[in-house]
Amino acid sequence: MKTSLYHVTALAGAALICVCSGQQVANEEKKLICEWNNNKVHIRYLVPKSSVGSPKNRWDPSSEPFPADIRECGERAQRYLVKSKGIKERIAIHNVEISSIIDYPTNVADLLSEGIRTTSQWYLFFRFAFESPTGEIIRPVDGAVVMLLDGTIAEEQTITSGK
């Protein structure tokens, strides 16, 4: 089963736009996995290009069980977010998406002849929210954590920032 991916998910006033591509970023060996936008910021999520092709990131949902422990990945993503953003308040996972990486041809001729291709590589997109001691969601945490199935956490690259 092949599925194409282009979705916009509304999350507490933000939009997750995953027109996930195989673009290389400025002479680096990085691959753009997805982008996230809201009215304040535009963030790209990049991983080492060599990580994407790892067999640990492959999954055929029509014939294989999910290959990663989502709870373990979520806990790791939460620890990463708390440490990288210096979060002191209590947070919890608010939303998890599982998406395949899309491979865009590098030139127009290939795009016209081949089209946009899905790959068998997948990633997890974690959103978090600040939580009260009673477990009520107070507000979303800015940003997200994007993780390949092998546990590789994507690097954030802020493109624009609001005032």
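The values are calculated or read from the model by the stated rules, or taken from the named source; none is laboratory data. Fair warning: this is a prediction, and the values are worked out from it, not measured in the lab. Note that each Cβ is placed from the backbone with ideal geometry, even for glycine, and that neighbours are counted across all protein chains shown.
Name the residue that is farthest from residue 156 (Cα to Cα), counting only residues in the stretch 32-53 that are without any contact (Cβ under 8 Å) to a residue 24 or more places away in the chain and either out of contact with any Cys (no Cβ under 8 Å at 6 or more places or on another chain) or not in a strand (DSSP E or B) (or both). Checked the stretch 32-53; the qualifying residue farthest from residue 156 (Cα to Cα) is 50.
Looking only at residues in the stretch 13-51 that are among the polar types (S, T, N, Q) and under 13 Å from the mean Cα position of the chain (by Cα), the one that is modelled with the highest pLDDT is 37.
The set of residues from the stretch 68-96 being farther than 15 Å from residue 146 by Cβ, touching a residue at least 12 places away in the same chain (Cβ under 8 Å) and of a type in the set (Lys, Arg) comprises just one member, 90. Between 102, 159, the distinction of being modelled with pLDDT under 90, over 19 Å from residue 69 (Cβ atoms), among the β-branched types (Val, Ile, Thr) and surrounded by fewer than 18 Cβ atoms within 10 Å (Cβ to Cβ) belongs to 159 only. Considering only the stretch 54-83, state which residues are in a loop (DSSP other than H, G, I, E, B) and either hydroxyl-bearing (Ser, Thr, Tyr) or surrounded by fewer than 16 Cβ atoms within 10 Å (Cβ to Cβ) (or both). 54, 60, 61, 62, 63, 64, 65, 66, 67, 69 - these are the residues of the stretch 54-83 that are in a loop (DSSP other than H, G, I, E, B) and either hydroxyl-bearing (Ser, Thr, Tyr) or surrounded by fewer than 16 Cβ atoms within 10 Å (Cβ to Cβ) (or both). Filtered by the rule that a residue be at pLDDT 90 or above and exposed (fewer than 14 other Cβ atoms within 10 Å of the Cβ), the stretch 108-136 gives 132, 133, 134, 136.
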